[in-house]
Amino acid sequence: MGKVSGGELVDYITNNKSDIIITKKNDIFVSISTDKGIAQELSDHFTFEVPGAKFMPAYKTRAWDGKIRLFNMKTSLIYYGLKFEVVRFADTRGYTFSIFDESNGTDKGDVKEFIKYLNIPLELRDYQTEAIHHSIKQNRALLVSPTASGKSLIIYCLIRYYLLKQHEKILLLVPTISLVSQMFKDFEDYGFHSETNCHMITGGKDKDSWQRIYISTWQSVYKEKRPYFEKFGVIFVDEAHLAKAASLKSIMEKLPDCKYRFGLTGTLDGTESNKLVLSGLFDVPKKVVSTKELMDAGTISKLKINSLILNHSVPDKKIAMRVKTYQEECDYLVLNAARNQFISRLATTLEGNTLVLFQYVEKHGIPLTEQIRSLTTKNVRYISGMVKSEEREETRDVTEANDDVIIVASYQTYSTGINIKNLHNIIFAFPTKSQVRVLQSIGRGLRLHDSKDKCNVYDIADDIRKGKKKNYTLNHFYARYNIYNEAEFDVSTEIINL
């Protein structure tokens, strides 16, 4: 019987008397041959309850039971990237198995020589070289690497490798239009002629070109039919955790003969179902490096988390007592005058450039921006999904060149991927418990810059309880606090009476 440990390759057996036989159907699925009893065990093992399903319309109308099933008993198919999870299942339960092997023997020395050939004006770090070698060796990968770890350089090296290795086109998907142009510019910084080689796709732009590299938001192409995707021999999905599961699955399943597929993310959301869906579409997660390791190495900025718990006034707490749901609590917080005044004064008194992140555009983002502008002569920039990409890029350029900019931006546009080195402070103006959003938002301030020795994050929490029962968003703060501790960040807590 084969043995498996972690995500490493197994010792293979090749006879057809195995309890479980794993064969390749295409580059999306593998086929599982086994008896009905083991098939049912597999189905149970790869079935998960979706977090928050009970709040979804399909669940409420009983059209869906709130579960995701990764092994299809009718077709005997499971995502290609989960083949070693099937091996792990077999190994732990004492079943024999046989499995194909498509990994190649690419030597790390050859990878280093190829990187040297690219003549990049930057020296790659060891973990970047290791990530590139791992990806090439496995033909696919799900790389988990935090903000400021150099994901775009990893992507660039792999794209250059596959430009030489195969003749089909390459698709690079990113979550926002800002990242489309940012990737284009990053490649130029690495010495590539992006204008000649890269076609950028955003809303309203042509979806076809003579160039071999397509850089697109996933939203721009996910509705395209299968023939559109047949031209691509390689696909990259940056910030893979952000793509809506149904849309990402739709795209990936339109590429049955695309052998080379790579997902990159700064963090997974901690749920087993999300991890396994992404593993299935790409491969088992490969942790490239941690934020703490980057800080210790001096590769990214030091970080200080300032947790500010706002103790609301007695009159406001009486108003808050009428709040029954999470949404009502959020509405109360973003409309609270004392809270918004505190955030505005904090933003205007901090030294250096400051990013203020909000959730609701009309209810919070716009009035908060106006209030901040009324209190300062600093350059206050407003960013939401309605702001054009050219203006977002201008804001990034202005911030890099100055030290008195306040950016008031929505989480949706600025919590992920935006690269601003000259950023000194981040304020969470809206509470969240999402591990992905928290860590990605923090990442906006971790890039090194001569003007700072650390990045300050101001996490605004709210105590509106009367009695011992904590309010919704205060519980969310404790969830964030646990995230900070697990990541070994420097955290302080202060209670402030409003």
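The set of residues in the range 255-292 being open to solvent by 20 Å² or more (accessible area, probe 1.4 Å), touching a Pro at 6+ places or on another chain (Cβ under 9 Å) and either at pLDDT 90 or above or not small (Gly, Ala, Ser) (or both) consists of Leu268, Asp269, Thr271, Asn274, Lys275, Val288, Thr291. Applying the set (1) in a strand (DSSP E or B); (2) over 21 Å from the mean Cα position of the chain (by Cα); (3) not basic (Lys, Arg) to Asn422 leaves exactly one unmet item: (1). Regarding the range 319-328, can at least one residue be identified that is in a helix (DSSP H, G or I), in contact (Cβ under 8 Å) with a residue 60 or more places away in the chain, closer than 30 Å to Thr265 by Cα and over 24 Å from the mean Cα position of the chain (by Cα)? Yes; the residues of the range 319-328 include at least one that is in a helix (DSSP H, G or I), in contact (Cβ under 8 Å) with a residue 60 or more places away in the chain, closer than 30 Å to Thr265 by Cα and over 24 Å from the mean Cα position of the chain (by Cα).
As a summary of the residue check, Glu329 satisfies the conditions (1) touching a Ser or Thr at 6+ places or on another chain (Cβ under 7 Å); (2) at pLDDT 95 or above except for the one numbered (2).
In the condition set (1) surrounded by fewer than 19 Cβ atoms within 10 Å (Cβ to Cβ); (2) within 20 Å of Asn456 (Cα to Cα); (3) hydrophobic (A, V, I, L, M, F, W, C), Leu357 is compliant with all but (1).
The listed residues are Ile13, Ile21, and the only one of them that is within 15 Å of Asp101 (Cβ to Cβ), more than 28 Å from the chain's Cα centre (by Cα), modelled with pLDDT of 75 or more and open to solvent by less than 60 Å² (accessible area, probe 1.4 Å) turns out to be Ile21.
A residue that is touching a Ser or Thr at 6+ places or on another chain (Cβ under 6 Å) and under 20 Å from Val30 (Cα atoms) occurs nowhere in the range 103-111.
Note on the range 345-380: residues that are touching a helix residue (DSSP H, G or I) at 6+ places or on another chain (Cβ under 9 Å), among the hydrophobic types (A, V, I, L, M, F, W, C), part of a helix (DSSP H, G or I) and closer than 22 Å to Ser451 by Cα amount to 1.
In the range 441-455, of all residues being surrounded by fewer than 17 Cβ atoms within 10 Å (Cβ to Cβ) and touching a residue at least 12 places away in the same chain (Cβ under 8 Å), the one that is farthest from Ile305 (Cα to Cα) corresponds to Ser451. Being open to solvent by 60 Å² or more (accessible area, probe 1.4 Å), farther than 22 Å from Lys259 by Cβ and part of a strand (DSSP E or B), is that true of even one residue in the range 38-59? Scanning the range 38-59, I find at least one residue that is open to solvent by 60 Å² or more (accessible area, probe 1.4 Å), farther than 22 Å from Lys259 by Cβ and part of a strand (DSSP E or B), so the answer is yes. Can you name the residue in the range 480-496 that is outside any loop (DSSP other than H, G, I, E, B) and open to solvent by 90 Å² or more (accessible area, probe 1.4 Å) and is also nearest to Asn336 (Cα to Cα) among such residues? Going through the qualifying residues, I end up with Ile495. Considering the range 281-318 alone, what residues qualify as being among the charged types (D, E, K, R) and either without any contact (Cβ under 8 Å) to a residue 60 or more places away in the chain or outside any strand (DSSP E or B) (or both)? Scanning the range 281-318 gives Asp283, Lys292, Glu293, Asp296, Asp316, Lys317, Lys318.
Yes/no per residue for (1) closer than 20 Å to Gln128 by Cα; (2) modelled with pLDDT of 90 or more:
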{"site": "Tyr156", "(1), (2)": "yes, yes"}
{"site": "Ile159", "(1), (2)": "yes, yes"}
{"site": "Lys169", "(1), (2)": "no, yes"}
{"site": "Leu172", "(1), (2)": "yes, yes"}
{"site": "Pro175", "(1), (2)": "no, no"}
{"site": "Met183", "(1), (2)": "yes, yes"}
{"site": "Glu188", "(1), (2)": "yes, yes"}
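Quick check on Phe477: is it crowded, with 17+ Cβ neighbours inside 10 Å and either of a type outside the set (A, V, I, L, M, F, W, C) or in contact with a helix residue (DSSP H, G or I) (Cβ under 8 Å, 6 or more places away or on another chain) (or both)? Here the answer is no, as Phe477 does not meet what is asked. Look through the range 456-473, keep the residues that are touching a residue at least 24 places away in the same chain (Cβ under 8 Å) and outside any strand (DSSP E or B), and return whichever of them is farthest from Ile495 (Cα to Cα). Step by step, filter the range 456-473, then rank; the result is Tyr472.
The values are calculated or read from the model by the stated rules, or taken from the named source; none is laboratory data. Just so it is clear, the structure is predicted and the values come from calculations on it, not from any experiment. Ideal geometry is used to build each Cβ from the backbone, glycine not excepted, and the neighbour counts take in all protein chains shown. Note: areas computed on protein heavy atoms with side chains; ligands, DNA, RNA excluded. Shrake-Rupley method; radii C 1.70, N 1.55, O 1.52, S 1.80 Å.
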